[in-house]
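Worksheet: the structure to be examined is printed underneath.
The values are calculated or read from the model by the stated rules, or taken from the named source; none is laboratory data. These figures come from a predicted structure and were not determined experimentally. Cβ placement follows ideal geometry from the backbone for every residue including glycine, while neighbour counts extend to all protein chains displayed.
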Amino acid sequence: MTRVVPDLGAVRRRFSSLQGEFTFLDAPGGSQVPDEVGDAMARCLREASANIGAPYETSRRVGAILDGAEQRSARFLGCEPHEIVFGTNMTSLNFALSRTAGRGFQAGDEILVSSLDHDGGVAPWLELAHDRDLVVRHVELNDDTTLDFDDLRAKLSDRTRVVAFAWASNAIGTITDARRVCALAHSVGALAWIDAVHYAAHEPIDVRAVDADVLLCSPYKFCGPHLGLAYGKAEVIERWRPYKARPAATTPLGRRFETGTMPYELLAGLNTTFDYLDDIGGFEVIVPHERALGERFLAALPDAARVYGLQTMEGRVPTFLVNLDGVPAPQVAGRLADRGMGVWAHDSWYSLNLYERFGYGSDGSVRIGFIHYNTADEVDRLAGELTQIAASA
Ligand SMILES: Cc1ncc(COP(=O)(O)O)c(C=O)c1O
């Protein structure tokens, strides 16, 4: 089969931010955004500044933006438009939806979360547990940072109400077998609740294929505006009692879980983000390109570099936590920034259990995250700089 190669020159020309000298290797913290997305947002504010439901043109335009955002999001996630819920960001939406789901839970009910998770996927359950006397348990990891399915099976019980997990780790890039977790959750009647914030930038999603009940992501990780986007399986969420203002519409289904007026200009940008991703060839092009970048990076790293987690591209996305022997992570990030390369140093990367289990050095670690607009040349230059920094230690 011929490999589909992106025309990176053409892709990158769509981003003003990629025309300068600076190299962005920090996509996990938020990707760059093509100009057309910003243009769509500005156009919405100029030409469709209204609310839905009024009998004139600007209102009809806003309605079309909202309908379009639900339709495109549904296509992106593999569901129906009425199963889409928008919010401020993943964390806020997760607090809201977990609260809503939890209205029917009883004291002593259990929530399982994974030890790979970002705290945006954990804290909402901890707070709910605090208020409602629930129990939150962490599913452990194997030494290679993959999910320990024996531990998951052992922790499932007839008290388990939710199994929540990150499809891919925002810190070390490890992917979890989502279909397998969902099947295990359903075997005890629990909801399968997926944090796909990190995964969504790198791999295609089909919520039906994995049989998720709820899935959340954040478009600012895949070249879109700052928003939260969720899928809720219709037969699950139609049973939930929504937190909503009473006159607000109850149909389409997903909208009953959205509070207040939607940020239509951001949704206009989101529509253009999906169009952009389709236009560059979608995940058929993105996945092999990003995988090649990751392989190139791993092969070029100096011996002094330690990569945490999986050591090949098998079972991971191209997000790497790295330390260089003898050079504190903040210094590595600072020196790369001086050389025009954007990465950060941090301790836990909001993945608290993962950090507790594996530690990443007292000064934290450097996260390097490639995304489809990165080039082989950028990877080579990064590896070269890391080699020089390590040699000067
Ligand atoms: C895996 C993962 N989950 C959740 C979040 C929180 O997302 P948001 O910033 O949209 O609340 C992040 C953010 O980095 C993330 O990487």
- Message: I need a count of the residues in the stretch 93-123 that are within 16 Å of the ligand (Cβ to nearest atom) and of a type in the set (K, R).
- Response: 1
- Any idea which of (1) over 25 Å from N142 (Cβ atoms); (2) modelled with pLDDT under 95; (3) within 22 Å of the chain's Cα centre (by Cα) is the one G326 doesn't satisfy? (3)
- Note on the structure: Within the stretch 273-292, the count of residues that are under 24 Å from I172 (Cα atoms) and crowded, with 20+ Cβ neighbours inside 10 Å comes to 3
- Task: For the stretch 50-87, enumerate the residues that are in contact (Cβ under 8 Å) with a residue 40 or more places away in the chain and surrounded by fewer than 16 Cβ atoms within 10 Å (Cβ to Cβ).
- Result: N51, R75
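What do you reckon, is S115 at negative phi and crowded, with 22+ Cβ neighbours inside 10 Å? Write out each step before concluding.
Numbers: at negative phi: yes; crowded, with 22+ Cβ neighbours inside 10 Å: yes.
Criteria met by S115.
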- Query: Just to be sure, is D131 more than 29 Å from Y308 (Cα to Cα), out of contact with any Ser or Thr (no Cβ under 8 Å at 6 or more places or on another chain) and of a type in the set (D, E)?
  - Reply: yes
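Residues of the stretch 119-168 being hydroxyl-bearing (S, T, Y) and under 26 Å from T312 (Cα atoms), which ones? Explain how you work it out, then say what you get.
Filtering the stretch 119-168 down to residues hydroxyl-bearing (S, T, Y) leaves 145-146, 157, 160.
Correct list: T145, T146.
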- Residue under evaluation V207, criteria (1) β-branched (V, I, T); (2) within 14 Å of the ligand (Cβ to nearest atom); (3) touching a Leu at 6+ places or on another chain (Cβ under 6 Å), criterion not met: (2)
- Query: R241 is checked against (1) exposed (fewer than 15 other Cβ atoms within 10 Å of the Cβ); (2) in contact with a strand residue (DSSP E or B) (Cβ under 9 Å, 6 or more places away or on another chain) and fails just one. What number does that condition carry?
  - Reply: (2)
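Does G173 satisfy the condition of being touching a residue at least 40 places away in the same chain (Cβ under 8 Å), among the small types (G, A, S), surrounded by fewer than 24 Cβ atoms within 10 Å (Cβ to Cβ) and within 16 Å of the ligand (Cβ to nearest atom)? Break it down into steps so the answer makes sense when it comes.
Numbers: touching a residue at least 40 places away in the same chain (Cβ under 8 Å): yes; among the small types (G, A, S): yes; surrounded by fewer than 24 Cβ atoms within 10 Å (Cβ to Cβ): no; within 16 Å of the ligand (Cβ to nearest atom): yes.
Here the answer is no, as G173 does not meet what is asked.
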- All-but-one check, L25 against (1) touching a Lys or Arg at 6+ places or on another chain (Cβ under 8 Å); (2) within 16 Å of the ligand (Cβ to nearest atom); (3) of a type in the set (A, V, I, L, M), failing number (1)
- Scanning for something in contact with a Cys (Cβ under 7 Å, 6 or more places away or on another chain) and assigned to a helix (DSSP H, G or I), does the stretch 55-65 turn up at least one residue? yes
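Among the residues of the stretch 346-361, which ones are crowded, with 23+ Cβ neighbours inside 10 Å and in a loop (DSSP other than H, G, I, E, B)? First the steps, then the outcome.
Step one: of the stretch 346-361, the residues crowded, with 23+ Cβ neighbours inside 10 Å are 349, 351, 354, 360.
Once the filter is applied, which keeps residues that are crowded, with 23+ Cβ neighbours inside 10 Å and in a loop (DSSP other than H, G, I, E, B), the stretch 346-361 yields W349, S351, Y360.
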- Note on the structure: The condition of being out of contact with any Pro (no Cβ under 7 Å at 6 or more places or on another chain) and either of a type outside the set (K, R) or within 28 Å of G102 (Cβ to Cβ) (or both) holds, among P242, P219, P225, only for P242
- Query: Within the stretch 379-393, how many residues are loosely packed, with under 15 Cβ neighbours inside 10 Å, part of a helix (DSSP H, G or I) and among the small types (G, A, S)?
  - Reply: 2
- Determine whether the stretch 249-272 contains at least one residue that is outside any loop (DSSP other than H, G, I, E, B), within 16 Å of the ligand (Cβ to nearest atom), surrounded by 17 or more Cβ atoms within 10 Å (Cβ to Cβ) and of a type in the set (S, T, N, Q). no
- Query: Which of the residues spanning the stretch 124-136 are assigned to a strand (DSSP E or B) and within 16 Å of the ligand (Cβ to nearest atom)?
  - Reply: none
- Number of the exception - A190 against (1) within 16 Å of the ligand (Cβ to nearest atom); (2) crowded, with 24+ Cβ neighbours inside 10 Å: (1)
- Considering A10, A42, A50, A74, which residue is touching a helix residue (DSSP H, G or I) at 6+ places or on another chain (Cβ under 7 Å), more than 16 Å from the ligand (Cβ to nearest atom) and in a helix (DSSP H, G or I)? A74
- Query: Considering only residues of the stretch 362-378 that are surrounded by fewer than 17 Cβ atoms within 10 Å (Cβ to Cβ) and assigned to a loop (DSSP other than H, G, I, E, B), which is modelled with the lowest pLDDT?
  - Reply: S362
- Evaluate the following for R208: is it without any contact (Cβ under 8 Å) to a residue 60 or more places away in the chain, out of contact with any Phe, Trp or Tyr (no Cβ under 7 Å at 6 or more places or on another chain) and not small (G, A, S)? no
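Would you check if R132 is over 28 Å from T261 (Cβ atoms), of a type in the set (D, E, K, R) and out of contact with any Leu (no Cβ under 9 Å at 6 or more places or on another chain)?
Values: over 28 Å from T261 (Cβ atoms): yes; of a type in the set (D, E, K, R): yes; out of contact with any Leu (no Cβ under 9 Å at 6 or more places or on another chain): yes.
Against the criterion (over 28 Å from T261 (Cβ atoms), of a type in the set (D, E, K, R) and out of contact with any Leu (no Cβ under 9 Å at 6 or more places or on another chain)), R132 qualifies.
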